[in-house]
Amino acid sequence: EEIRQLADEVLETLDKHSLENENEVFAGILDVADAAGDAPLYEKIMFRRDPDRKNGSLIAAANAYYVAGDIPNANRLLNEVQNPVQRDEEEFLDLKVGILFKEGKEKQAHSLAEELYEKFPREYHLMSLCKIVSPDRKEELLNEHESLRLGESVSPDYVNMLITLSEFDRLSCYLENHREQIHAMDGETREELAIRLESFNRKDLAKMLRRV
């Protein structure tokens, strides 16, 4: 209640005065609403800042409801999103996948997760996908990602993803196949990955990363 009262006072000040740092003020009270888990307040503030209800604002407000466990209101806002592109489309699809899982619509969620990865083939989308598909499909996805999505240099994001998935045999082969490129990795990043591998008791793989 105190947070809502504070937000109302700030919004009233913004209505009455033109502030040079208005965007920063809005960002600050949005952060407060987000930290408090108050999705209705977050929505109220968001659309005071963006009365045109742009796609990015709708998706952000929908996500606040999703995090709060309010799926109907998350869907209400996502239904207003029109023709999202680039980052908005990626965030829209990612959120929609989560919502479909919450609704128990696993088949639709799997299909949309595949679409999300195909359109935006980032490692974190691949990792999420690998956690929900069959073992055979997982192998297929990882093989395709290595052969079609990755270049000659060692990908720290891919290495990190394989660690998270406990795909240590695959990681060993990947590092061995790219042993001549390991030295080109950023030294700090390489050491961070080596330390993480040691936390999984894979000192052999950590040693491979440290080999220059």
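The values are calculated or read from the model by the stated rules, or taken from the named source; none is laboratory data. Since we're looking at a predicted model, the values are computed, not measured. Reconstructed Cβ throughout: ideal geometry from the backbone, glycine too, with neighbour counts over all protein chains shown. The protein model used for the area step is the full one, side chains on, heavy atoms only, and it has no ligands, DNA or RNA in it. Shrake-Rupley method; radii C 1.70, N 1.55, O 1.52, S 1.80 Å.
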| query | Quick one: what pairs do we get from the range 49-72, first residue at negative phi, second open to solvent by 60 Å² or more (accessible area, probe 1.4 Å), C-beta under 6 Å, 6+ apart or different chains? | reply | L58/E80; I59/E91; I71/K102
| note | The condition of being in a helix (DSSP H, G or I), open to solvent by 50 Å² or more (accessible area, probe 1.4 Å) and among the polar types (S, T, N, Q) holds, among N83, N63, only for N63
| request: Mind listing whichever residues of the range 133-169 are open to solvent by 50 Å² or more (accessible area, probe 1.4 Å) and closer than 20 Å to L93 by Cβ? | output: R137, E144, R149, D157
| Just checking, how many residues over the range 180-190 are more than 24 Å from the chain's Cα centre (by Cα) and either open to solvent by 90 Å² or more (accessible area, probe 1.4 Å) or among the acidic types (D, E) (or both)? | 2
| message | So, L126, is that one at pLDDT 95 or above, under 21 Å from L148 (Cβ atoms) and outside any loop (DSSP other than H, G, I, E, B) or not? | response | yes
| note | For the range 92-104 the number of residues that are assigned to a helix (DSSP H, G or I), charged (D, E, K, R) and surrounded by fewer than 21 Cβ atoms within 10 Å (Cβ to Cβ) is 2
| note | I182 meets each of (1) within 13 Å of A206 (Cα to Cα); (2) in contact with a Lys or Arg (Cβ under 9 Å, 6 or more places away or on another chain); (3) at pLDDT 95 or above with one exception, condition (3)
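Each row is one residue, and each column tells you yes or no for (1) over 24 Å from the mean Cα position of the chain (by Cα); (2) modelled with pLDDT of 95 or more.
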site	(1), (2)
D136	yes, yes
L142	no, yes
S147	no, no
E152	yes, no
Y158	no, yes
S172	yes, yes
| Taking the stated definitions as given, is P72 part of a helix (DSSP H, G or I) and more than 13 Å from the chain's Cα centre (by Cα)? | yes
| field | Criterion: more than 30 Å from I132 (Cα to Cα), small (G, A, S), assigned to a helix (DSSP H, G or I) and open to solvent by less than 30 Å² (accessible area, probe 1.4 Å) - qualifying residue of A33, A27 | value | A33
| Hey, among E89, E146, E152, E115, which residue is outside any helix (DSSP H, G or I) and acidic (D, E)? | E152
| Given the conditions (1) in contact with a helix residue (DSSP H, G or I) (Cβ under 7 Å, 6 or more places away or on another chain); (2) over 21 Å from K138 (Cβ atoms), and given that S199 satisfies all but one, which numbered condition is not satisfied? | (1)
